[in-house]
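The values are calculated or read from the model by the stated rules, or taken from the named source; none is laboratory data. Owing to the predicted nature of the structure, the values given are computational and were not obtained by experimental measurement. A quick note on method: Cβ atoms are made from the backbone with ideal geometry, for glycine too, and the neighbour counts reach across all protein chains shown. For the accessible areas, the whole protein counts, side chains as well, though only heavy atoms, and no ligand, DNA or RNA atoms are used. Shrake-Rupley method; radii C 1.70, N 1.55, O 1.52, S 1.80 Å.
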Amino acid sequence: MASPKAPESLVERVLVTEEQITARVAELGASIAHDHQGRDVRLITILRGGLIFLADLCRAIDLPLQVDFMAVSSYVGGRPGVVRVTKDLDDSIEGASVIVVEDIVDTGLTLNYILRMLKERQPATLEVCTLLDKDVRRIVDLPITYRGFSIPDRFVVGYGLDVNGLYRNLPFVATVRDEALAGAG
Ligand code: PRP
């Protein structure tokens, strides 16, 4: 199977290779399975960036589990960290062992808001699994139980992360050249 390739004008350097991701996802999946035997496990992903990680992670967890999805958007001109839910979960999480699966935690504001909201729904446990942790940018402290890689304060693309909506399907995570970022959010 041919892997998607990125133009040289986009990628500065590969930060996490496909092989490193595969190995780490297997480790994270094994840890989650070990820690959640006999629980009602729900993996919840915030669209769209977490989609690729979720797809691989759920297949690395040798337990019965369910997946559900939420989509949010920032209020334009609103207070930082206040998000609007544009697609809510389909199922109740009351009494469930919830793991929020993210591609990246940056300032932590998005996840902080979502965790507060989910906590009110009274899950048995509420944890976070993120592939990438840009911890130097953190504004709010978050309990991250499962972490793939800590990364520096650089704009990154691939494995779910986009530049102007593109390149989520790259199998690795790379830093982006400054010239390629014009207009990217
Ligand atoms: C990314 C990521 C997190 C959020 C992290 O989503 O998936 O949800 O940013 O940023 P924070 O820690 O500073 O709040 P993004 O807004 O890029 O949307 P996407 O997942 O659709 O790409």
State all residues of region 125-148 that are under 19 Å from C58 (Cβ atoms) and either part of a loop (DSSP other than H, G, I, E, B) or not small (G, A, S) (or both); if no residue qualifies, say none. T125, L126, E127, V128, C129, T130, L131, L132, I144, T145, Y146, R147
Right, Q66: open to solvent by 20 Å² or more (accessible area, probe 1.4 Å) and in a strand (DSSP E or B) or not? yes
Kindly list the number of the only condition in (1) within 13 Å of the ligand (Cβ to nearest atom); (2) open to solvent by less than 40 Å² (accessible area, probe 1.4 Å); (3) over 29 Å from E18 (Cα atoms); (4) not hydroxyl-bearing (S, T, Y) that fails for R84. (2)
Can you name the residue in region 118-142 that is open to solvent by less than 50 Å² (accessible area, probe 1.4 Å) and among the charged types (D, E, K, R) and, of all such residues, is nearest to E94 (Cα to Cα)? E127
It is to be established whether one or more residues within region 94-107 are within 23 Å of I32 (Cβ to Cβ), of a type in the set (S, T, Y) and either in contact with a helix residue (DSSP H, G or I) (Cβ under 8 Å, 6 or more places away or on another chain) or modelled with pLDDT of 95 or more (or both). yes
I'm trying to understand the selection: among the residues of region 91-120, which are near the ligand (Cβ under 6 Å from one of its atoms) and in a loop (DSSP other than H, G, I, E, B)? D106, T107, G108
